[in-house]
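Readers should treat all values here as calculations from the given coordinates under stated rules, not as data from a laboratory. Just so it is clear, the structure is predicted and the values come from calculations on it, not from any experiment. Every residue, glycine among them, receives a Cβ derived from its backbone with ideal geometry; neighbour counts consider all protein chains shown.
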Amino acid sequence: MATRAVQELQFLKKTVLIDAWPYWLGAILLGLLNIVIFIYMASPWGVTTAFVFWGAWIYQAFGGHPEVWSFFTLQPAMMAALKGGFWAHGGSIINLGLIVGAFLSAAAASQFKIKKIKAGRQVVAALLGGLLMGYGARLAFGCNIGAYFSAIASMSLHGWVFGVFILVGALIGSKLLVKYFM
Amino acid sequence: MSETQIMLRKRPLTAVKKKSQLGYTAAALTVVIAVGMYLSQMKTLLSIIWFLGIGLGVVLQKSRFCFTASLRDPILTGSTSLTRATMIAFAVAALGFAALQFTTLLKGGPIIGGVQPVGIHTAIGAVLFGIGMVISGGCASGTLMRMGEGFTMQWLSLTTFILGSVLGAIHFGWWTDNFFKAAPKIYLPEIFGWAGAFFGQLALLGLIYVFATWYEYRKAN
Amino acid sequence: MAEFTIDALGEACPIPLLKCQKKWPELKNGDVMIVSIDHSCALKNIPEWARKAGHNVEVEEVEDGVWDIYIEKNA
């Protein structure tokens, strides 16, 4: 009987911890998580606004004054959040939690590995790609989460517009990827 | 037995370099709980948000969910499995969001949720973002997830991601004056009515799902 | 029965799969392609692609976070 129990545990360990979960399950869970986030944070899931704050706090650490940026002067709520600091900022905490959660998940399956950069083209791709995403998200009022996932779920037109044009961007990016970064 | 299985059996048994990452896992769990406790002392809400973030990271990593792939793979590899998965995620969230929005409106409250000004800036921003996510190998959530998985490329990507965000924040005033100020926030129920917008969206999501399925399997015929 | 190896270690999404698809036409029925990856996405999308096309797939974890995917062409 004990061996049956051990077998069951091994099976559970494999399917839950080690094997990947199916996409549809991830999808349902993400949908549910976004709803819970909306309830607790009074606003749906978003990733990139926090990056403005991270940049601002880093700039501050080097003696800079981000509070003069129009992003903060024109938006009192953002200015207040800036003054509040990292550990009072929900958007920052949820992002950090995401990173740690991903690490935890990989380690629990013994699949964590540091993947070092292999070629110069990867450095260029990473730096250029990050810059485009950072600026683009500011224009669109969000990223694939804030201006796409959460926006469409909120029945906002900007989410659908974002969806159409992010596809255009993905097409251009794919051509560039194959031509220069492969 | 297939050729591959035969070949695998015949391979010399090299010592597999595997060590259990129990130590890492234990360390991670300690951090998770410690930060959770630290935050709950300041404000319970922050602790909840922390655990929600952990949940997002776990779900994204375990299911290998990737928004970038959902938009890129139909073009590059012909696969739409993630595209279809995103439609499911959107539909599930839409149900809950509508309930939240509706109940708030009924109580005389405002329209809550992510409704933002739409205009040319949305298109430009989305195109830039789309290009960036494909060449860097990860979108916003994907970048964070891969940082946790150990991809140094995404750690690098985050640096300019922050820089780009900062530049955008500095230019916020210019974009507001020239684009955001005049741009309307369009809440679909205001155009199509509650039923029209809500069911219309679900129908559209469903349509995309069906199309994506056809798109992937048509090549097999 | 020929063996084709692809080293996709350290490559970003979706390059491992693209490399497989690029090399694939060179394989004859019964040939085997062995792809080395360390990307969790590739761990899902390469077998998915191969199985949908009707080929045999075996995955072996070589070390923590590194896998060898064996695909046998079964046209």
## Note on the structure
Taking a crude spin-label model, label points 7 Å out from Cα along the C-beta direction, the A:Lys175 to A:Ile39 distance in nm is 4.6
### Query
Which of the residue pairs A:Lys14/C:Lys23; A:Lys116/C:Lys28; A:Lys115/A:Lys179; A:Lys115/C:Lys23 have a Cα-Cα distance greater than 28 Å in the structure shown?
A:Lys14/C:Lys23; A:Lys116/C:Lys28
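Determine, for A:Leu96, A:Leu171, the number of other Cβ atoms within 10 Å of each Cβ, and report the residues in order from fewest to most. Walk me through the numbers on the way to the answer.
On the way: A:Leu96 22, A:Leu171 19.
In increasing order of surrounding Cβ atoms, one gets A:Leu171, A:Leu96.
Within chain B, which is the longest segment containing none of the trypsin sites (Lys or Arg not before Pro) that sit in a DSSP loop and have at most 16 other Cβ atoms within 10 Å? Walk me through the numbers on the way to the answer.
Working: sites that count: B:Lys18, B:Lys19, B:Lys43, B:Lys107, B:Lys181.
In short, B:108-180.
Given R₀ = 22 Å, FRET efficiency for B:Leu106-B:Ile191 by Cβ-Cβ distance, to 0.05?
Values: r = 20 Å, r/R0 = 0.91.
Result of the calculation: an efficiency of 0.65.
Can you sort A:Leu132, B:Leu46 from fewest to most other Cβ atoms within 10 Å of each residue's own Cβ? Each step should come with its number before you reach the end.
Values: A:Leu132 26, B:Leu46 21.
The fewest-first ordering by Cβ neighbours comes to B:Leu46, A:Leu132.
What's the long-distance tail for the stretch B:84-165, i.e. % of Cα pairs beyond 19 Å? Walk me through the numbers before you get to the answer.
Values: 1969 of 3321 pairs.
For the stretch B:84-165, the share of Cα pairs beyond 19 Å comes to 59 percent.
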### Query
For the pair A:Val123 and A:Val164, how long in nm is the line joining their label points, each one 7 Å along Cα→Cβ?
4.1
### Task
Just subtract the alpha-carbon distance of A:Leu74 and A:Trp24 from 0.36 nm times their residue separation and send over the number in nm, one decimal.
13.9 nm
### Message
Please arrange C:Cys41, B:Cys66 by how many other C-beta atoms lie within 10 Å of their C-beta, fewest to most.
### Response
C:Cys41, B:Cys66
### Task
Write out the chymotrypsin sites (Phe, Trp or Tyr not before Pro) in the stretch A:49-105 meeting two conditions: DSSP loop, and at most 12 other Cβ atoms within 10 Å of their Cβ.
A:Phe62
### Task
In whole Hz, with x marking every Gly and Pro, tabulate ³J(HN,Hα) for the stretch B:182-194 from phi via Karplus 6.51 cos²θ - 1.76 cosθ + 1.60, θ = phi - 60°.
7, 7, x, 8, 10, 9, 3, x, 6, 9, 9, x, 4
### Query
Whose amide H sits under 5 Å from the amide H of C:Val62, counting only residues 5 or more places off or on another chain, with H placed in the peptide plane?
C:Trp67, C:Asp68
### Hypothetical label at B:Asp177: residues of the stretch A:117-141 whose amide nitrogen lies under 19 Å (7 Å Cα-Cβ projection)
A:139
### Summary
Quick note, chain A: a/c under 1.5 would make it rounded; otherwise a/b > b/c is prolate and the rest oblate (a ≥ b ≥ c, C-alpha gyration tensor); here it is prolate
### Query
Near the amide H of A:Lys115, under 5 Å away, which other amide H atoms are found, from residues 5 or more places off or on another chain, if H is placed in the peptide plane?
B:Phe151, B:Thr152
### Query
Can you give the Rg and Dmax of the stretch B:39-186 based on its C-alpha atoms, in angstrom?
18.1, 50
### Task
For the stretch A:33-49, take each phi angle, set θ = phi - 60°, evaluate the Karplus expression 6.51 cos²θ - 1.76 cosθ + 1.60, and give the result in whole Hz per residue in order, putting x for glycine and proline.
4, 4, 4, 4, 4, 4, 5, 7, 9, 6, 7, x, 4, x, 10, 7, 4
### Summary
Relative to the compact-globule estimate 2.2 N^0.38 Å (N residues), the Cα gyration radius of the stretch A:1-56 stands at a ratio of 1.84
## Note on the structure
Distance in nm between A:Phe11 and C:Ala2 label points, each 7 Å along Cα→Cβ, equals 4.3
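Does the stretch B:156-200 classify as rounded, prolate or oblate by the C-alpha gyration tensor (a ≥ b ≥ c root eigenvalues; a/c under 1.5 gives rounded; else a/b over b/c gives prolate, otherwise oblate)?
Cα axes put the stretch B:156-200 in the oblate bin.
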## Note on the structure
The set of residues whose placed amide H lies less than 5 Å from the amide H of C:Asn56, leaving out same-chain residues fewer than 5 positions away, is C:Glu72, C:Asn74
### Query
Between the stretch C:1-41 and the stretch B:192-217, how many Å separate their Cα centres?
35
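Please report, in whole Å³, the volume per residue of the convex hull around the C-alpha atoms of chain C.
On the way: hull volume 5.4 nm³, N = 75.
Convex hull volume per residue, Cα atoms: 72 Å³.
Give me the percent of Cα-Cα pairs in the stretch B:80-129 that sit more than 16 Å apart, rounded to a whole number. Working shown, then result.
Values: 751 of 1225 pairs.
Counting every Cα pair in the stretch B:80-129, those more than 16 Å apart make up 61 percent.
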### Message
Based on the alpha-carbon set only, what is the convex hull volume of the protein assembly as shown divided per residue, in Å³?
### Response
175
#### Entry: Convex hull of the stretch A:119-182 built on C-alpha atoms - directionally averaged projected area, nm²
4.3
